[in-house]
Each structure stands twice: as structure tokens, then as C-alpha cells.
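Student: Please see the structure below; I have some questions.
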Amino acid sequence: MCVSTRLDTDGDGALALAREVRPRLDEILDFAFSPLCNVHVYADGRTVPDVTAQAAQLPMPVLILQGVNGASTPLAGGRALAAALRTAGNRDVELCELAGRGHTLGPAASLVDDRGRMPDEATLLPIAAWLAAHARR
């Protein structure tokens, strides 16, 4: 594991929360929510609307791919989206809950192990089949 040299002020390879992190917490949060960091998308006025609230505007076929061990999007989110689409009248909704997969559909043994790995061919083949079947309609 790599420790940020910006935070590890004594260079010992470990972060002392009380001495190195807490005194810089405001600076860390300011940076996290600045346009330079990806957390910025969650800042006030920047978040995208909840997709379940838009279900009525999605009448097309929908394939929801949900890694069971996805740390970024809970499994309940995929289930809620599928339910919202069906409630809105969409009859062509397929929810695939992929065991042992993370947010990026790559291997993840647990939520903690979800590290953005690439999906393998076994994961991609059913997706390709779904796309091919729906392209013919």
C-alpha cells in the first residue's frame, strides 16, 4: 500500500491520525470536493438525479448489471431500479445480479475487495448475447 507523502509528513510510511491527518482534515475535504478530485461530483448542486425517479422516461429495453460485491452501488440500488422500471410499465427489464463481481463487474470476493478490476470474458459473453438479441428487434 502506498501512503501519500502529502499526509505522511514524517516520512515513516504510516499515517498518524491525530498528528498527521486530523490537523489537515479541512484541507483534505476542500481538495476532495474541488474540481480537481472525483468527489466533486457529489458536491452540492452537482449530483445527478436518482435514476429511479426517471424510470417513466425509460421505455426502452434495459439490462441492469449489478455486481453483488460492488462497493460503489449497493445491490438494493439495482433492485430498486428494476422495480421502478417495471412499475412505470417497462416490460423489458432484466436485472443480472453477478455473484463475485464488483462495481466494474470485475472479480471481487467482498465489498472490501472491490478494487475496480476488469470483467472477464465469462462476464461479458451474456452481456453481448443480450445486446445482440435486442439489436435484432
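The values are calculated or read from the model by the stated rules, or taken from the named source; none is laboratory data. Because the structure is a prediction, the values reported are computed rather than measured. Here the Cβ is made from the backbone with ideal geometry for all residues, glycine too, and neighbour counts use every protein chain on show.
Student: Residue under question is Leu124, and the condition is that it be surrounded by 15 or more Cβ atoms within 10 Å (Cβ to Cβ) and modelled with pLDDT of 90 or more; does it hold?
Tutor: On the way: surrounded by 15 or more Cβ atoms within 10 Å (Cβ to Cβ): no; modelled with pLDDT of 90 or more: yes.
Answer is no for this residue.
Student: Working only within segment 86-108, note down all residues that are more than 17 Å from Met118 (Cβ to Cβ), polar (S, T, N, Q) and surrounded by 15 or more Cβ atoms within 10 Å (Cβ to Cβ).
Tutor: Filtering segment 86-108 down to residues more than 17 Å from Met118 (Cβ to Cβ) leaves 86-97, 99.
Now narrow it down to the ones that are polar (S, T, N, Q): 87, 90.
Within segment 86-108, just Asn90 meets the criteria.
Student: Oh, and also: Report yes if Ala71 is in contact (Cβ under 8 Å) with a residue 24 or more places away in the chain, among the aliphatic types (A, V, I, L, M) and surrounded by 15 or more Cβ atoms within 10 Å (Cβ to Cβ), otherwise no. Talk me through it step by step, then tell me what you get.
Tutor: Numbers: in contact (Cβ under 8 Å) with a residue 24 or more places away in the chain: yes; among the aliphatic types (A, V, I, L, M): yes; surrounded by 15 or more Cβ atoms within 10 Å (Cβ to Cβ): yes.
Yes.
Student: Also, quick follow-up: Among the candidates Asp113, Asp50, Asp26, which residue alone is among the acidic types (Asp, Glu) and touching a residue at least 40 places away in the same chain (Cβ under 8 Å)? Lay out the reasoning, then the answer.
Tutor: Values: Asp50 fails: touching a residue at least 40 places away in the same chain (Cβ under 8 Å); Asp26 fails: touching a residue at least 40 places away in the same chain (Cβ under 8 Å).
From the options Asp113, Asp50, Asp26, the qualifying one is Asp113.
Student: Name the residue that is nearest to Ala83 (Cα to Cα), counting only residues in segment 93-137 that are among the basic types (Lys, Arg) and in a loop (DSSP other than H, G, I, E, B).
Tutor: In the first step, residues of segment 93-137 are kept if they are among the basic types (Lys, Arg); the result is 101, 115, 117, 136-137.
Filter once more, so that each one left must be in a loop (DSSP other than H, G, I, E, B): 115, 117, 136-137.
Details: Arg115: 28, Arg117: 28, Arg136: 26, Arg137: 23 Å.
Within segment 93-137, the match that is nearest to Ala83 (Cα to Cα) is Arg137.
Student: If you don't mind, another one. Mind listing whichever residues of segment 1-36 are surrounded by 13 or more Cβ atoms within 10 Å (Cβ to Cβ) and either touching a helix residue (DSSP H, G or I) at 6+ places or on another chain (Cβ under 7 Å) or at pLDDT 80 or above (or both)? Outline the logic, then answer.
Tutor: Going residue by residue through segment 1-36, those that are surrounded by 13 or more Cβ atoms within 10 Å (Cβ to Cβ) are 3, 7-9, 15-16, 20-21, 24, 28, 31-33.
Within segment 1-36, Leu7, Asp8, Thr9, Leu15, Ala16, Glu20, Val21, Arg24, Ile28, Phe31, Ala32, Phe33 qualify.
Student: Considering each residue of segment 37-57, count those that are exposed (fewer than 10 other Cβ atoms within 10 Å of the Cβ) and either modelled with pLDDT of 80 or more or not in a helix (DSSP H, G or I) (or both), and give that number. Write out each step before concluding.
Tutor: First, pick out the residues of segment 37-57 that are exposed (fewer than 10 other Cβ atoms within 10 Å of the Cβ): 38, 44-45, 47-49, 53, 57.
With either modelled with pLDDT of 80 or more or not in a helix (DSSP H, G or I) (or both) added as a condition, the list becomes 44-45, 47-49, 53, 57.
The number of residues fulfilling the criteria is 7.
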